[in-house]
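Asks: I have a structure here, written as structure tokens, and I will follow up with some questions on it.
Every number here is computed from the coordinates shown, using simple stated rules; none is lab data. What you see is a predicted model, and the numbers here were worked out from it, not measured in a lab. No Cβ is skipped: glycine too gets one built from the backbone with ideal geometry, and neighbour counts run over all protein chains shown.
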Amino acid sequence: MPDWRKLIAAKVALAKRGSKPRSKTMSQLGIQGVDARVPPGQRLVDNFPVLDLGVRPNVNTANWMLNIYGLVEMPLTLSWLDFRSLPQTSDTSDFHCVTRWSQLDMAWEGVQARELLMMAGPLASAKYVTMHGYDGYTTNLPLEALLDDDVMIAHSVNGHSLTAEHGGPVRMVVPKRYAWKGAKWLKAIEMHAADRPGFWEVRGYHNDAFPFAEQRYSDDAF
């Protein structure tokens with residue numbers, strides 16, 4: 001069994017035991033309650049601001065396809081019907097934008113990213129992932145970052161289907177990172193051996209993007 005399959009299996013077993021991996025929060029500094037869930041420099045909002053590259057792709061449930069390719073045993077191409085036939089899940093998590101706003105307790109519905117990774121079968125040489133959007137956007141993460149049980153390819157939020165302005169039909173949601181790491185209008189997931197910085201990363205954004213470490217920009221960005 002390749003190393004990544006073992007890691008995915010271990011993550012699944014952990015989730016079934018009811019232990020959900022959590023990122024480091026302010027509670028570890030003695031700050032409790034809602035404040036412990038808000039990263040430094042963030043403000044709470046109760047709306048869902050719209051941020052994108054200024055491009056709204058013409059994609060909907062009729063023409064949307066998702067490709068998973070690169071260093072995998074079995075490349076996948078999924079239609080909307082294929083995607084909706086997969087095991088569906090829901091998760092409530094907090095959402096942190098690098099532009100300094102956060103919304104707590106957003107209820108997402110979709111398919112766990114690791115579910116698709118298990119189907120494609122990452123090769124042992126696969127270490128990193130690039131997510132491609134229909135708008136030409138890209139962002140990068142270590143493959144392991146997509147294995148947590150709260151990482152989702154989401155089609156709905158707070159009980160409603162994702163609108164086009166928020167990345168519908170589907171977007172990636174990676175709650176432990178700033179929101180730019182979750183591509184809107186998700187088109188493809190590419191697995192590769194070496195890290196490849198994406199759209200914002202090559203423009204000075206931090207490669208890791210952990211909100212509680214305030215990793216907004218790389219040290220040599222300016």
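Asks: For the range 131-222, what's the relative contact order in percent, using C-alpha pairs closer than 8 Å and at least 6 residues apart?
Replies: With pairs under 8 Å counted, the relative contact order is 31 percent.
Asks: Counting other beta carbons within 10 Å of each Cβ, put Thr139, Thr130, Thr99 in order, fewest first.
Replies: Values: Thr139 24, Thr130 19, Thr99 12.
The most exposed by this proxy come first: Thr99, Thr130, Thr139.
Asks: Fewest first, what order do Ile153, Ile68 take by the number of other Cβ atoms within 10 Å?
Replies: Least to most surrounded, the residues fall as Ile68, Ile153.
Asks: Also, I was wondering about something else. Between the range 107-174 and the range 66-99, how far is it from one alpha carbon centroid to the other, in angstrom?
Replies: 4 Å
Asks: Once you keep just the Cα pairs under 8 angstrom separated by 6 or more residues, what percentage relative contact order results for the range 31-101?
Replies: Normalised by residue count, the contact order of the range 31-101 is 36 percent.
Asks: Report, by chain and number, residues whose modeled amide H sits under 5 Å from the one on Leu44, excluding near sequence neighbours (fewer than 5 apart, same chain).
Replies: Ser102
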